[in-house]
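Derivation of every value follows stated rules applied to the coordinates shown; laboratory data play no part. Treat the numbers as computed from the prediction; the structure is a model and nothing was measured. Here Cβ is always computed from backbone atoms with ideal geometry, including for glycine, and neighbour counts include all displayed protein chains.
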Amino acid sequence: MLSKKRITAFLEQYKEQKNAYKEYANTVKFILETLLKNNGFNYQVVFAREKDFDKLQDNFEIKEKYESLSLIKDLAGCRVIFYLESDIQRFITHIYKEFSVIETIPHYSPDDYNAQHFVVYLNKDRLHLTEYSKFEGLRCEIQLTTVLYHAWSEMAHDITYTPP
């Protein structure tokens with residue numbers, strides 16, 4: 001388990017960088033929305049968020065694998081909610097064209113949350129642009145799911161992680 005001193009140092013570092021992760025998540029959201037609109041996709045919504053400080057602290061107490069804050073996959077995150085699974089499959093090609101994908105995490109089970117998760121960096125072409133260069137080295141987890149699975153995940157999360 002990580003020492004309290006190490007956890008405190010990670011949390012202080014995140015406190016200093018939290019706004020950067022928020023801005024990064026919103027930037028990825030903008031890119032995703034532009035891709036969706038420019039390519040005629042039907043989708044419900046795109047969410048963006050930076051990791052909640054309290055949830056990060058809980059993660060440190062549960063997980064022991066963190067050597068660096070920069071290795072955490074979901075400090076910035078976006079979720080794209082589609083109506084159809086087939087649109088998710090078509091959109092995946094755009095993820096690979098527009099981002100540097102460092103990990104793909106499929107979440108599929110017959111009675112649980114289903115989604116495709118991608119851990120990404122901005123690609124080199126974007127990082128060469130002045131407005132994006134400040135995001136070099138930051139990761140973002142992009143989740144692609146459907147309306148039904150999103151509703152299921154919200155309900156399951158509230159019941160499992162936030163009991164009454």
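Suppose we filter region 6-63 for residues that are under 19 Å from Ile95 (Cβ atoms), outside any helix (DSSP H, G or I) and without any contact (Cβ under 8 Å) to a residue 12 or more places away in the chain; how many remain? Residues meeting the conditions: 1.
If the condition is being acidic (Asp, Glu) and surrounded by 15 or more Cβ atoms within 10 Å (Cβ to Cβ), then region 67-84 contributes only Asp74.
Yes/no per residue for (1) among the aliphatic types (A, V, I, L, M); (2) within 17 Å of Ala48 (Cβ to Cβ):
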residue	(1), (2)
Cys78	no, yes
Ile88	yes, no
Ile95	yes, yes
Asn114	no, no
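Every residue, every condition in (1) among the acidic types (Asp, Glu); (2) over 19 Å from the mean Cα position of the chain (by Cα), yes or no:
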site: Ile7; (1), (2): no, yes
site: Gln17; (1), (2): no, no
site: Phe30; (1), (2): no, no
site: Glu33; (1), (2): yes, no
site: Leu36; (1), (2): no, no
site: Gly40; (1), (2): no, yes
site: Val46; (1), (2): no, no
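A Cβ distance below 7 Å, combined with a sequence gap of six or more or placement on separate chains, defines the contacts here; from region 118-132, residues that are farther than 19 Å from Ile105 by Cβ reach residues that are in a loop (DSSP other than H, G, I, E, B) and of a type in the set (Asp, Glu) in the pairs Leu127/Glu136.
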